[in-house]
Structures are given as structure tokens and as C-alpha cells.
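The values are calculated or read from the model by the stated rules, or taken from the named source; none is laboratory data. Keep in mind the model is a prediction, meaning the values are calculated, not measured. All Cβ positions, even for glycine, are placed from backbone atoms using ideal geometry, and neighbour counts span all protein chains on display. Note: accessible area is taken over every heavy atom of the protein model, side chains too, but ligands, DNA and RNA are not part of it. Shrake-Rupley method; radii C 1.70, N 1.55, O 1.52, S 1.80 Å.
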Amino acid sequence: MLIGADVRHFSTETLSLLKNPEMIAVSQDSLGEQGRWVAGSTSQQVWAGRLSNDRFAVTLVNMDNTTTADVQLTWAMLPGDVATAAKYTVRDLWARTELGVHEGRISLQVAVQDSRMLVLTPHRPEHPRRAQK
């Protein structure tokens, strides 16, 4: 990760984001694929990239100066050949919380001049016999 600013002047919140181990793991993923713009406009953008183990890193961006935006990601936006009916477990890296299992798409509120970074992991339900042990 490259930082083009003087870290001595960063806020506690900014330092917390930069030291987030999940975000660092995305930055250092073994696949080494850079995310790219996949959808949006000048005010709302969706960036996505493939990660190892069939996962995706996604950033939803709201560049608007006045309004919170509902930014939608559909699996069709993801790079590569992704089934639109696929189920993914979605994790919000900034909030460090699971957002559940989603099929085909997810829509999230993004605050003014803010972003949300997600990791999508293929949902593979446990085999019923394994779950009973």
C-alpha cells in the first residue's frame, strides 16, 4: 500500500482504516489483481476486482456533496464469468461486520463523500451431516 501524505497528520479514524488488517489483506492478496471501475456515474461509482479463492473486493463510492446515495452492486458488474444467481457472503471492511448472504445483488447506503469497501465470498452452505457433528 502506498500512502502519499504525511502520516503524522492523519486523524485517528484515518489511521484505523489504514491499519485495518482486512483491508491490508485485500491489498496484499496473492492474486494481485487491481480493482477497476465497473459501473456508475460521476457521483456514484462501483469499483471491483477479483481476489484469490473466488472472492471479490468491491468499493461503493458516493462522490455527491449533498446527498446520501443508495449504491447498487449486481453480480453482473463483477469481473469475469459470475453467475447472476450466485450467492455471496458480504463483509463490510470499514465497519468490520458481516452483511449476510446475498443473491444476485446488494444495495447499500453510502454517506456523502464516502465509500464502503466489501469482500464477497462465495456462499458454500455446510453439508448437513457435517453440521450435525
**OP:** Inspect the stretch 17-34 for any residue being modelled with pLDDT of 90 or more and touching a helix residue (DSSP H, G or I) at 6+ places or on another chain (Cβ under 7 Å) and give the result as yes or no.
**Re:** no
Subject >> Within the stretch 4-23, considering residues that are farther than 22 Å from R96 by Cα and in a loop (DSSP other than H, G, I, E, B), the one most open to solvent (accessible area, probe 1.4 Å) >> reply: G4
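A quick yes/no check of all residues on (1) of a type outside the set (A, V, I, L, M); (2) touching a residue at least 12 places away in the same chain (Cβ under 8 Å); (3) open to solvent by 50 Å² or more (accessible area, probe 1.4 Å); (4) in contact with a Ser or Thr (Cβ under 6 Å, 6 or more places away or on another chain):
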residue: A25; (1), (2), (3), (4): no, no, yes, no
residue: W47; (1), (2), (3), (4): yes, yes, yes, yes
residue: D64; (1), (2), (3), (4): yes, yes, no, yes
residue: D81; (1), (2), (3), (4): yes, no, yes, no
residue: V90; (1), (2), (3), (4): no, yes, no, no
residue: I106; (1), (2), (3), (4): no, yes, no, no
residue: R116; (1), (2), (3), (4): yes, yes, yes, no
Original post:
Taking A39, is it aliphatic (A, V, I, L, M), under 27 Å from I3 (Cα atoms) and open to solvent by 30 Å² or more (accessible area, probe 1.4 Å)?
Top reply: no
Original post:
What pairs come up if the first residue lies in the stretch 7-18 and is without any contact (Cβ under 8 Å) to a residue 40 or more places away in the chain, the second is part of a helix (DSSP H, G or I) and not small (G, A, S), and their beta carbons are under 7 Å apart, counting only those six or more places apart or on different chains?
Top reply: none
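Within the stretch 52-133, considering only strands (runs of 3 or more DSSP E) that don't extend past its boundaries, which have at least 3 residues that are closer than 22 Å to S41 by Cβ? Write out each step before concluding.
Numbers: elements: 55-62, 69-74, 87-92, 97-103, 105-110, 114-122.
Of the strands (runs of 3 or more DSSP E) lying wholly inside the stretch 52-133, those with at least 3 residues that are closer than 22 Å to S41 by Cβ span 55-62, 69-74, 105-110, 114-122.
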